[in-house]
């Protein structure tokens, strides 16, 4: 193999490698995920959030990926060769719910979005002190 | 020269002001940081229902004693406003050791004469919950006579009192002072309620002792217990003692028992409507808290 061929194959290899990473990074940067609502507020009388969460994603290029929720292995919804997708699910939760778009083998995270739980501080007050009351 | 009513009003306002000034000065107590028995979440109604057996001994001669079988209780606490059975009020100041409320409370003496008075069911006070004597007294005591006609029992109107209420905790003692004035226009009298609760045992069950005294002005005593021109009483001082036992059971159930003894001041005891100077109330039963 002469020097020109070596340079050619070397550059081709380098380009392919860089291109792969670039496209992969571009996929990482290009895939956008959003969820709604983004926040659930628990008042003093609430123990859990019960709401329908709507997830929406888009990509500049068709992708094959799955939407999962961290800590909920039973929830997975996949798309093959789509540039956008939506998914709605009714959830009951009292902690932050992390939504992730992953590749089909579920090895790499492509995008992340979360539904945050905000717990309002409960401000207690004293019960009336009434020792004059015969029943207290 | 100020009139007697003006003097009384000035004395009342002076006591109110003194109460307000002295209210913050009490020693500290564990803060209200968790939903213990004495801490509540604002904005919620609280209900409890007691089922058991008890009695209020009627001091009226030939009067019927009142059985205590079912005792409902309810309360609501807002950020400052509260309802405590038939009492309602606003919290003006509160810290861990001291609370100053402005409270409205019914005059309990009416339960002597009107069986349907709600305080015969909600059991807020041990001093006044007697059954009415439907039949007029056959005779009068203490030297009052009416010839051949018995003195009919009066049927007083519902009266409400209002005024400042200071409650405090010092060490493990819980105290309370209410200085109340009747504002419903029936008799323009005053009542001062004071009590002290002393915890005796606090473990898997609680045993508390209590003592107190209630002062009733002459206008109040005369409205309920006066016998017209035959008997015009002065003010009365009613001391009381009580003991209470509470034991939490499983879930929302607990067991409670109490006994309350009150001695009627002479101005009330000498009334032609009253035959006994002692009032005893006792009850034991199971409580469901919602």
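Taken together, the values in this text are just the output of simple stated rules run on the coordinates, not laboratory data. Please read these numbers as outputs of a predicted model, since none were measured by experiment. So basically every Cβ, Gly included, is an ideal-geometry build from the backbone, and we count neighbours across all protein chains shown.
Over 15 Å apart: what share of the alpha carbon pairs of the range A:69-136 falls there, rounded to a whole percent? Tail of the P(r) past 15 Å holds 68 percent of the pairs. Label positions at residue B:69 and residue B:198, each projected 7 Å from the Cα along the C-beta direction, are separated by 3.7 nm. Quote the FRET efficiency, to the nearest 0.05, computed for residue A:61 versus residue B:79 with a Förster distance R0 of 56 Å and r equal to the Cβ-Cβ distance. The calculated FRET efficiency here is 0.50. Taking the square roots of five times each eigenvalue of the Cα gyration tensor of the range B:183-290, the equivalent ellipsoid has semi-axes of 35, 14, 13 Å, listed largest first. Ordering A:72, B:193, A:38 from the fewest to the most neighbouring beta carbons within 10 Å gives A:38, A:72, B:193.
Between residue B:51 and residue B:275, what's the calculated FRET efficiency when r is the beta-carbon distance and R0 is 25 Å? Round to 0.05. The value I calculate is 0.20. The length gained by stretching the chain between residue A:84 and residue A:51 to full extension, at 0.36 nm per residue less their Cα-Cα distance, is 9.6 nm. Normalised radius of gyration (Cα atoms, divided by 2.2 N^0.38 Å) for the range A:32-119: 1.13. Which part of the range A:71-87 falls in the paramagnetic zone of residue A:96, meaning amide N under 19 Å from the point 7 Å along Cα-to-beta-carbon? So the set is A:71-73.
The ranking of B:51, B:180 from fewest to most other beta carbons within 10 Å of each one's beta carbon is B:51, B:180. Take the Cα of residue B:257, step 7 Å toward its Cβ, do the same at residue B:172, and the gap between the two points is 2.0 nm. Can you give the % of DSSP beta bridges in the range A:32-119 that are antiparallel, to the nearest 5? Once the DSSP bridges in the range A:32-119 are tallied, antiparallel ones form about 90 percent.
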